[in-house]
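> I have a structure here, written as structure tokens, and I will follow up with some questions on it.
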Amino acid sequence: FNGTVACWDTGSVATTQNMFLGAAAFNQAIGVWDMSSNAHVGGMFYNAGAAAFDQNVGGWNIGQVANGTNFMGGNSMSTANYSALLIGWQGQTHQSSVVFKGGGSTYSAGAATTARAALVTDGWTITDGGIEVGEGQWLATERDVEIITSSRTDAVNRAFVLGYEVPE
């Protein structure tokens, strides 16, 4: 399924749990949906059920969302769209103590990192792919700091370090 659903009236929808489970090709713009009554977005794009989904939903009104468990499940959004989600959702009134899983999605440095940290401070438990780390960027670990000289990402956008230098 990859039909146009942007015009759906979702203003009274209380849950979208597992909504696109089994819709492996779904990748439609739904950022205009009225999600103001939605309390449960858990599993919405879970695993192979929505492997293609990569849209900006940072403008959704998530004021009632109390559960985002497995929102992306084993999938991932592009860094730009996931960063927009974090920035957009943090910048509005939201529930505290929300469990949210962004799958393997990574977020950018700067505003998205700050937004994610603010959500965590508000009690959110966020599981995702972490900050995007690219070639030539600094990678901070608990024991040292290294410069990545080469890296790659796999099919679900997880980063792997292939080479590094230890600064003197």
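> For the stretch 119-130, check the following and say yes or no: at least one residue is more than 14 Å from the chain's Cα centre (by Cα), modelled with pLDDT under 95 and under 22 Å from residue 21 (Cα atoms).
Within the stretch 119-130 (the criterion being more than 14 Å from the chain's Cα centre (by Cα), modelled with pLDDT under 95 and under 22 Å from residue 21 (Cα atoms)), the answer is no, since none of the residues qualifies.
> Now for a different question. Quick one: what pairs do we get from the stretch 67-94, first residue within 13 Å of residue 46 (Cβ to Cβ), second part of a helix (DSSP H, G or I) and open to solvent by 20 Å² or more (accessible area, probe 1.4 Å), C-beta under 6 Å, 6+ apart or different chains?
Between residues of the stretch 67-94 that are within 13 Å of residue 46 (Cβ to Cβ) and residues that are part of a helix (DSSP H, G or I) and open to solvent by 20 Å² or more (accessible area, probe 1.4 Å), the close pairs are 73/47; 74/47.
> Oh, and also: Quick one: is residue 6 in a loop (DSSP other than H, G, I, E, B), of a type outside the set (S, T, N, Q) and within 25 Å of residue 132 (Cβ to Cβ)? Walk me through how you get there before you give the answer.
Numbers: in a loop (DSSP other than H, G, I, E, B): yes; of a type outside the set (S, T, N, Q): yes; within 25 Å of residue 132 (Cβ to Cβ): no.
Against the criterion (in a loop (DSSP other than H, G, I, E, B), of a type outside the set (S, T, N, Q) and within 25 Å of residue 132 (Cβ to Cβ)), residue 6 does not qualify.
> For the stretch 1-24, which residues satisfy the criterion of being under 17 Å from residue 46 (Cβ atoms) and β-branched (Val, Ile, Thr)?
Answer for the stretch 1-24, where residues must be under 17 Å from residue 46 (Cβ atoms) and β-branched (Val, Ile, Thr): 15, 16.
> On to the next question. Please specify each residue of the stretch 84-117 satisfying the condition of being β-branched (Val, Ile, Thr), farther than 10 Å from residue 132 by Cβ and assigned to a loop (DSSP other than H, G, I, E, B). Steps first, please.
So in the stretch 84-117, the residues β-branched (Val, Ile, Thr) come out as 87, 93, 98-99, 106, 113-114.
Okay, now just the ones that are also farther than 10 Å from residue 132 by Cβ, so 87, 93, 98-99, 114.
93, 98, listed by residue number.
> Then there is this: Looking at 18, 70, 81, 27 in this structure, which one is assigned to a loop (DSSP other than H, G, I, E, B) and either at pLDDT 95 or above or crowded, with 20+ Cβ neighbours inside 10 Å (or both)? Let's see the steps before the verdict.
Working: 18 fails: either at pLDDT 95 or above or crowded, with 20+ Cβ neighbours inside 10 Å (or both); 81 fails: assigned to a loop (DSSP other than H, G, I, E, B); 27 fails: either at pLDDT 95 or above or crowded, with 20+ Cβ neighbours inside 10 Å (or both).
Selected residue: 70, the only one of 18, 70, 81, 27 that is assigned to a loop (DSSP other than H, G, I, E, B) and either at pLDDT 95 or above or crowded, with 20+ Cβ neighbours inside 10 Å (or both).
> I'm checking my understanding of the structure. Among residues of the stretch 84-107 that are buried (at least 17 other Cβ atoms within 10 Å of the Cβ) and among the small types (Gly, Ala, Ser), which one is farthest from residue 34 (Cα to Cα)? So that I can check it myself, show each step before the final result.
From the stretch 84-107, those buried (at least 17 other Cβ atoms within 10 Å of the Cβ) are 84-90, 94, 98, 100-107; that's our starting set.
Pick out the ones that are also among the small types (Gly, Ala, Ser) and you get 84, 88, 102-105.
Values: 84: 17, 88: 14, 102: 21, 103: 23, 104: 26, 105: 23 Å.
Applying the filter and picking the extreme gives 104.
> May I pose another question? State all residues of the stretch 30-55 that are of a type in the set (A, V, I, L, M, F, W, C), outside any loop (DSSP other than H, G, I, E, B) and crowded, with 17+ Cβ neighbours inside 10 Å; if no residue qualifies, say none.
Step one: of the stretch 30-55, the residues of a type in the set (A, V, I, L, M, F, W, C) are 30, 32-33, 35, 39, 41, 44-45, 48, 50-53.
Filter once more, so that each one left must be outside any loop (DSSP other than H, G, I, E, B): 48, 50.
Matches in the stretch 30-55: 50 only.
The values are calculated or read from the model by the stated rules, or taken from the named source; none is laboratory data. All values reported here derive from a predicted model rather than from experimental measurement. Heads up, the Cβs are rebuilt from the backbone with ideal geometry, glycines too, and the neighbour counts pull from every protein chain shown. Heads up: the accessible areas ignore ligands, DNA and RNA and are worked out on the full protein's heavy atoms, side chains in. Shrake-Rupley method; radii C 1.70, N 1.55, O 1.52, S 1.80 Å.
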